[in-house]
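What follows is a short report on a single structure.
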Amino acid sequence: MYKYKYLKREFNKSELINLNPIQRGGILTKEAREALLEFGDGYSTCDWCPPKFDRLDRIEKPPIKDFYEDLAEFLGMDVARVVTRCREAMFIAFKMLSSPGDYIVVDSLSHYSTYLAIEFAGLKVKEVPHTGYPNFQLLLEMYRDKIEEVKKETSKLPAAVLLTHVDYLYGNLNDALIVSKIAHEYNVPVILNAAYTAGIMPVNGKKLGVDVIVSSGHKSWAASAPTGILALTEDMAEKILPTATITGDWSKRSFKIKEMPLLGCTVMGAPLITLMASFPHVIRRVEKWDEELEKAQYFVKEIEKIEETRVLGVKPKKHTLIHVESIGLHKVSKKHPRKGFYLYDELKKRKIVGIQPGLSKHFKLNIYGLSLDEVRYVVNAFHDIAAIYGLKIY
Ligand SMILES: *Cc1c(COP(=O)(O)O)cnc(C)c1O
């Protein structure tokens with residue numbers, strides 16, 4: 001008999017501060033934690049699935065139908081669906097907007113799953129470059145050049161362009177309006193990857209002129225995995241969410257109500273309900289984004305006081321994901337018996353986790369949702385560790 005006695009999560013302890021960039025925006029609200037228990041059983045959302053429209057987005061008890069409408073409105077879009085992950089939302093959009101072999105133009109700081117979604121959809125990728133070290137700023141005007149390049153090479157326009165709103169490497173914020181203006185001159189649809197933005201900062205698709213927003217519930221909406229968001233304009237909804245037309249050749253069975261690219265229904269249980277339970281909190285928290293940015297700027301100022309330490313990416317920071325480069329902390333690792341792991345050890349002693357074990361030269365962290373006191377505590381911990389190993393604090 002198997003016994004999984006290690007089903008405990010070390011980093012779940014409330015006294016720990018977890019700085020892992022992917023963890024900060026997904027911490028559940030109290031309401032979501034309760035809902036998780038309530039809806040933990042299998043197809044828990046499906047008790048009251050309406051018989052004629054048996055589809056997740058039509059369920060009114062719990063109020064999934066209303067939630068989808070509110071979600072679309074919150075993002076400044078017309079239609080919203082919850083899928084399993086941001087990457088699935090990208091895959092569905094890519095697949096449904098393209099013909100086999102088409103190009104998707106993406107920014108060169110896109111998440112790896114963007115590339116995999118393109119490959120899985122049978123498409124090709126064309127990248128918009130960035131400036132490289134140390135700012136890694138995307139050259140957004142070059143979306144035009146890349147669209148032209150695709151046009152020249154294939155005599156066809158790209159199926160879509162994708163812009164990562166805030167990238168996961170440097171936490172740079174991109175102006176989606178620049179890209180949507182360029183793409184729309186060519187009538188090419190714009191997909192905004194808001195995995196690191198929607199749910200923690202205000203994002204309005206209409207104002208940004210985008211056609212599709214994809215986001216990640218477990219990353220930025222205080223929801224359990226797996227939850228992804230696919231939000232569309234009316235026009236895109238027609239193209240991306242057609243209902244099934246297939247008929248069984250022998251039985252003549254058909255499934256005309258089902259949204260084909262969603263394979264009917266998506267997240268039919270607890271994760272969806274956590275997203276719904278946290279939604280009122282999410283609506284409130286995006287309004288406090290300015291406070292988060294102040295804390296981020298304070299953190300940057302303080303961490304850069306450590307000898308030979310700088311924050312990479314565009315400054316001043318417009319996001320709470322921070323990429324630190326520290327030649328100073330790296331020099332310490334060369335002489336330390338634990339090598340790069342000393343930094344993890346020292347932080348862990350101070351109840352700070354989430355910096356990848358072994359890293360000291362380049363590491364990423366996210367201070368989203370920490371109180372100013374907690375940010376101060378983290379900064380002091382870094383200063384303290386640096387000083388212990390003989391680095392100057394300027
Ligand atoms: C985290 C991240 C993803 C992946 O999100 P999932 O919901 O886990 O698929 C995709 N794109 C970007 C830009 C991300 O930061």
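No value in this document is a laboratory result; all are computed from the given coordinates. If you're wondering where the values come from, they're calculated on a predicted model, not measured in any experiment. Note that we place each Cβ from the backbone using ideal geometry, even for glycine, and neighbour counts take in every protein chain shown.
Of the beta bridges in the stretch 28-286, as assigned by DSSP with both residues counted there, near 45 percent are antiparallel. Near ALA160, the amide H atoms lying under 5 Å from its own belong to VAL105; only residues 5 or more places off or on other chains count, and H is placed 1.01 Å from N.
Each peptide in 267-273, 211-217, 15-21, 240-246 was scored by the mean count of other Cβ atoms within 10 Å over its residues; highest first, the order is 211-217, 267-273, 15-21, 240-246. Pull out a ≥ b ≥ c, the square roots of the eigenvalues of the alpha-carbon gyration tensor of the chain, then state rounded if a/c is under 1.5, prolate if not and a/b is larger than b/c, and oblate in the remaining case. Oblate shape, in that a/c is at least 1.5 and b/c is the bigger or equal ratio. Relative contact order (percent) for the chain, with alpha-carbon contacts under 8 angstrom and 6 or more residues of separation? Over the chain, the number comes to 21 percent.
Considering the dipole of the chain built from charges on the beta carbon (Lys and Arg +1, Asp and Glu -1) around the Cα centre, which of ALA225, ILE257, THR309 is farthest to its positive end? Highest projection toward the positive end goes to THR309. Where in the stretch 151-168 does the label zone of VAL125 land, with the point 7 angstrom along Cα→C-beta and an amide N cut-off under 16 Å? 159-165, 167-168, by backbone N distance to the label point. Using a simple spin-label model with pseudo-atoms 7 Å out from Cα toward Cβ, MET260 and TYR43 lie 2.3 nm apart. Once the Cβ-Cβ distance of ARG33 and GLU287 is raised to the sixth power relative to R0 = 22 Å, the FRET efficiency obtained is 0.45.
I need the shape label for the stretch 12-127. Rule: rounded when a/c is under 1.5, else prolate if a/b > b/c, else oblate, with a, b, c from the alpha carbon gyration tensor. In terms of gyration-tensor shape, oblate. Label-to-label distance, TYR4 versus TYR394, with points set 7 angstrom from Cα along the beta-carbon direction: 5.0 nm. Of the chymotrypsin sites (Phe, Trp or Tyr not before Pro) found in the stretch 1-91, those in coil by DSSP whose Cβ has at most 13 other Cβ atoms within 10 Å are TYR2, TYR4, TYR6, TYR43, TRP48, PHE53. Computed over the chain with a Gaussian network model linking Cα atoms closer than 10 Å, the most mobile of ARG58, ARG350, ARG253 is ARG253.
Using only Cα atoms, tell me the angle between helix 372-388 and the longest principal axis of the chain; keep it within 0 to 90° and round to the nearest 10. In the chain, helix 372-388 runs at an angle near 50 degrees to the longest axis.
According to the square roots a ≥ b ≥ c of the eigenvalues of the Cα gyration tensor, what is the shape class of the stretch 236-394, taking rounded for a/c under 1.5, prolate for a/b larger than b/c otherwise, and oblate for the remainder? Verdict is prolate for the stretch 236-394.
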